[in-house]
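Heads up, the thing below is written out as structure tokens.
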Amino acid sequence: MSGDYTKLNLADVEDVAPANGFGDHWEARAARRPLGMESTGAVFFRIRPGMRSPFTHRHREAEETYVVLSGSGRIKVGADLHDVEPLDTIRVAAQTPRAFEAGPDGLELLAFGPHHVRDGEAVADDWTDAPER
């Protein structure tokens, strides 16, 4: 490692989902701090088979990009639902609510975009707020 770059395996980043009460829905490995990122955020998500994101969220300022790594499922962007599969890449503008649902094999994805302190917020949405199916 040098001051010019950082190499890290995302499997080595702490899964923060259990500590936040979401371990039954997904893994969430936030890599911004471990990678020493100053202005970019990156999170690896592994959504458990058949589960949805535990909440719908949006950002006030940050545009986010999601890349599906493996598995299948759906993304809800605003009021629209789209099937997703490996290598699908979805850009979501700031202010636009989004959430994911994993298919029968689960869904792994990488989220990244600019980091703004306290920029994200949960949004009420029947799709994620409904009781477990």
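The values are calculated or read from the model by the stated rules, or taken from the named source; none is laboratory data. Values in this document were obtained by computation on a predicted structure and should not be read as measured data. Cβ placement follows ideal geometry from the backbone for every residue including glycine, while neighbour counts extend to all protein chains displayed. These accessible areas exclude ligands, DNA and RNA; they are computed on the full protein's heavy atoms, side chains included. Shrake-Rupley method; radii C 1.70, N 1.55, O 1.52, S 1.80 Å.
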Considering residues of the range 1-30 that are among the hydrophobic types (A, V, I, L, M, F, W, C) and surrounded by fewer than 12 Cβ atoms within 10 Å (Cβ to Cβ) only, the residue modelled with the lowest pLDDT: Met1
Index of the failed condition, Pro34 passing every other in (1) free of Cβ contacts under 8 Å to residues at least 40 places away in the same chain; (2) farther than 22 Å from Val13 by Cβ; (3) not in a strand (DSSP E or B); (4) not aromatic (Phe, Trp, Tyr): (2)
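So, Ala124, is that one in contact (Cβ under 8 Å) with a residue 24 or more places away in the chain, surrounded by fewer than 19 Cβ atoms within 10 Å (Cβ to Cβ) and under 18 Å from Pro54 (Cβ atoms) or not? Spell out how you get there, then give the answer.
On the way: in contact (Cβ under 8 Å) with a residue 24 or more places away in the chain: yes; surrounded by fewer than 19 Cβ atoms within 10 Å (Cβ to Cβ): yes; under 18 Å from Pro54 (Cβ atoms): yes.
Answer is yes for this residue.
Name the residue that is farthest from Pro97 (Cα to Cα), counting only residues in the range 33-50 that are in contact with an Asp or Glu (Cβ under 9 Å, 6 or more places away or on another chain) and open to solvent by 40 Å² or more (accessible area, probe 1.4 Å).
Of all residues in the range 33-50, those in contact with an Asp or Glu (Cβ under 9 Å, 6 or more places away or on another chain) come to 34, 41, 44-50.
Cutting the leftovers down to open to solvent by 40 Å² or more (accessible area, probe 1.4 Å) gives us 34, 46, 48-49.
Working: Pro34: 27, Arg46: 19, Arg48: 21, Pro49: 22 Å.
The residue in question is Pro34.
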Subset tally (residues that are outside any strand (DSSP E or B), under 15 Å from Ala42 (Cβ atoms) and either at pLDDT 95 or above or open to solvent by less than 50 Å² (accessible area, probe 1.4 Å) (or both)) for the range 93-121: 1
